[in-house]
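Reviewing the structure listed below.
Read-outs: derived from the displayed coordinates by stated rules, not from any lab. Since the structure is predicted, the reported quantities are computational estimates derived from the model, not experimental observations.
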Amino acid sequence: MAAIAPVDPKSFTPNRFADQVLLVTGAAIGSIGGCTAIRAAHEGAAVMCVDRKAHELHKTVEEITSAGGRAVALVADVAKSADAERMVAECVQQFGKLDLALNAAGVMDGTDPSAPPDFDNQKPLLPAAIHLASDDYWHTVFANNITSMFLSMRAELRQMLEQGRGGAIVNIGSIAGLTGLPGNPAYSASKHAVIGLTRNASIDYAPHGIRINSVNMAQTDTPMVFRAYEFVKWAMDQGAGSSMAGAKSQSLLQMADPDKRGSTPWEQAAVILFLLSNEAANLTGLAMATDGGWTAY
Ligand SMILES: NC(=O)c1ccc[n+]([C@@H]2O[C@H](COP(=O)([O-])OP(=O)(O)OC[C@H]3O[C@@H](n4cnc5c(N)ncnc54)[C@H](O)[C@@H]3O)[C@@H](O)[C@H]2O)c1
């Protein structure tokens with residue numbers, strides 16, 4: 001089998017985002033948002049980095065500024081309207097405008113991703129098939145995956161409209177927005193909603209020169225996935241989880257890879273930055289499957 005080399009974390013396009021201001025939600029170090037922020041800064045963007053995880057967020061910003069890039073950290077919970085508005089106001093205060101946005105904040109389940117996993121005590125917040133799922137699980141996942149995106153987009157779009165110079169937004173969905181995902185009803189339903197919200201907005205803001213697309217990945221090696229592995233191990237020990245969990249677990253490229261590797265956050269960043277750049281001038285309303293062929297079979 002011939003391995004496909006992953007995108008080099010150091011690869012970048014010089015000056016692609018010179019004079020551009022990018023806001024990223026979910027920008028903690030190691031996350032898809034964090035890697036995108038780092039590469040965008042290397043390509044000339046000033047980046048407003050937002051996350052709930054203060055320590056991990058500051059690490060992303062330190063990595064950018066220590067390499068000579070421009071970035072500011074804001075600890076905020078974008079599931080709250082006031083925080084979503086505050087992040088855009090802070091972005092304009094710091095950098096004078098907002099050109100581009102990546103809405104990457106999201107959760108797999110209802111637990112707080114900044115707290116260490118304690119699955120025995122977090123049971124009501126964990127993924128479960130509908131007949132076993134709690135109200136808290138449902139509402140928390142929806143708040144963080146889709147209400148947060150509506151609130152972020154509303155604040156971002158109001159600013160872009162005020163500026164009157166167009167813009168581009170990328171929203172992160174998932175393969176779970178394109179297919180079902182066993183044992184994860186709120187995740188799958190909220191990620192389908194990401195695609196719906198993206199398509200809806202692409203229509204309303206096309207006349208304003210604002211392009212809006214979503215990227216929908218399969219397994220990508222980030223803190224979310226490392227936590228999901230721990231959850232799966234715990235669920236198997238408990239005899240819990242969906243009986244259909246093993247139905248499909250790998251993308252085409254993962255199956256074909258000698259080491260069975262998933263995607264890397266740098267591979268996702270490469271596509272996201274393409275969509276945010278003017279090279280994607282003719283693309284809007286797209287639900288792009290950045291999934292190694294997961295949804296091709
Ligand atoms: N990693 C994968 O395999 C995978 C697959 C499909 C989709 N996704 C999606 O990609 C996006 C990024 O995830 P990731 O893999 O980088 O995971 P991650 O957990 O590393 O990053 C997500 C970040 O969002 C932050 N966040 C969540 N809710 C927030 C809120 N309300 N306010 C502020 N920050 C918040 C978290 O603190 C976290 O740092 C998510 O939307 C996720 O659902 C990831």
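Checking the cross-link pairs Lys59/Lys80; Lys191/Lys233; Lys123/Lys233 against a 19 Å limit on the alpha carbon distance flags Lys59/Lys80; Lys191/Lys233 as lying beyond it. Here the scattering of the stretch 37-80 is modelled by Debye summation over its C-alpha atoms, one equal scatterer each and no solvent; at q = 0.24, 0.28, 0.29, 0.30 Å⁻¹ the log10 of I(q)/I(0) is -0.73, -0.91, -0.95, -1.00. Taken over the chain, the percentage of Cα pairs per 10 Å bin, counting from 0 up to the bin with the maximum distance, is 6, 29, 37, 21, 6, 0.
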